[in-house]
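The values are calculated or read from the model by the stated rules, or taken from the named source; none is laboratory data. Note that the coordinates shown come from a computational prediction; the quantities given were computed from them, not determined experimentally. Cβ coordinates were reconstructed from backbone atoms using ideal geometry, including for glycine residues, and neighbour counts include every protein chain displayed. Please note that ligands, DNA and RNA were not included when accessible areas were found on the heavy atoms of the full protein model with its side chains. Shrake-Rupley method; radii C 1.70, N 1.55, O 1.52, S 1.80 Å.
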Amino acid sequence: MLKFYFNGSPNPTKVALFLEEAGIAYEPIPIDTRTGDQFRADFLSVNPDGKVPAIVDGEVVVFDSNAILLYLAEKTGRFLPPNNPVNRARLLSWLMFAATGVGPFCGQAVHFKHFAPENQLAKSRYVLGDVYTIVDMDVWGWARMVPFILGDDAWAKFPNLKRLHDEIAARPAAALKDKFTFKTVMDDEARGFMFKHLARAAA
Ligand SMILES: N[C@@H](CCC(=O)N[C@@H](CS)C(=O)NCC(=O)O)C(=O)O
């Protein structure tokens, strides 16, 4: 019987949904990632990446949720559009978009919003130590957006990032964008330019 290694988080849950919807018999094997099951040798021999979900279907081993969905869909012929080149291209395009553009960004947002410890900048003035480098410039570029991204309490949670942000923002070299006026309001006109495809879809 197909073995399904899982926990209750988003990626395994997609696969559980497919298995249930398709009525496939499977043996659920819980992997408790908060107690380290993902690093057990028996699980790593199934998925060397040490993450759920993974399946073992006879001699076939598949890991990574979208790979498993595609494998199961193709094996059973279920939950696929009618098979022609146009549909297959659309299926693959949107599946890969979801795999590379939705899942990872959601995962990163959860990580940085809820779990990321503020390691590096707690240890030193700059990311690499005492020397101001391009890494700090890179971090600064996005740092000012942190409250917008993570919420108003973000600076309270990341005081060292705020320290770095404030220090660099005070440098004369950081002033270029403030010497010019750019539109700040995200109104219909701005949305029309920045998210043209959405405006077209709404029309
Ligand atoms: N790209 C993989 C990501 C898998 C993944 O990140 N799984 C998480 C649970 S949603 C996990 O196993 N985390 C445990 C860990 O990273 O130690 C997929 O889509 O399956």
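Scanning region 41-58 for residues that are open to solvent by 30 Å² or more (accessible area, probe 1.4 Å), part of a loop (DSSP other than H, G, I, E, B), modelled with pLDDT of 95 or more and more than 10 Å from the ligand (Cβ to nearest atom) turns up 45, 58. Take the residues in region 29-40 that are more than 8 Å from the ligand (Cβ to nearest atom) and not in a strand (DSSP E or B); name whichever of them is surrounded by the most Cβ atoms within 10 Å (Cβ to Cβ). Only one residue fits best here, namely 37. Pull out all pairs, ordered by first then second residue, where Cβ-Cβ is under 8 Å, the residues are six or more apart or on different chains, the first lies in region 18-43 and is closer than 15 Å to residue 57 by Cα and among the β-branched types (Val, Ile, Thr), and the second is away from the ligand (no atom under 13 Å from the Cβ) and assigned to a strand (DSSP E or B). Here the result reads 24/2; 29/3, each pair linking region 18-43 to a residue that is away from the ligand (no atom under 13 Å from the Cβ) and assigned to a strand (DSSP E or B).
Please enumerate the residues belonging to region 167-203 that are surrounded by 13 or more Cβ atoms within 10 Å (Cβ to Cβ) and within 30 Å of residue 124 (Cα to Cα). Those that are surrounded by 13 or more Cβ atoms within 10 Å (Cβ to Cβ) and within 30 Å of residue 124 (Cα to Cα): 167, 168, 169, 174.
In region 59-71, the qualifying residues are those that are over 15 Å from residue 11 (Cα atoms) and among the hydrophobic types (A, V, I, L, M, F, W, C), and the one that is farthest from the ligand (Cβ to nearest atom) is 60. Check whether at least one residue in region 81-91 is within 15 Å of the ligand (Cβ to nearest atom), open to solvent by 40 Å² or more (accessible area, probe 1.4 Å) and either out of contact with any helix residue (DSSP H, G or I) (no Cβ under 7 Å at 6 or more places or on another chain) or aliphatic (A, V, I, L, M) (or both), and report yes or no. Checked against the condition, which is being within 15 Å of the ligand (Cβ to nearest atom), open to solvent by 40 Å² or more (accessible area, probe 1.4 Å) and either out of contact with any helix residue (DSSP H, G or I) (no Cβ under 7 Å at 6 or more places or on another chain) or aliphatic (A, V, I, L, M) (or both), region 81-91 yields no hits at all. Filtering region 1-28 down to residues that are part of a strand (DSSP E or B) and open to solvent by 30 Å² or more (accessible area, probe 1.4 Å), which residue is farthest from the ligand (Cβ to nearest atom)? This residue is 27.
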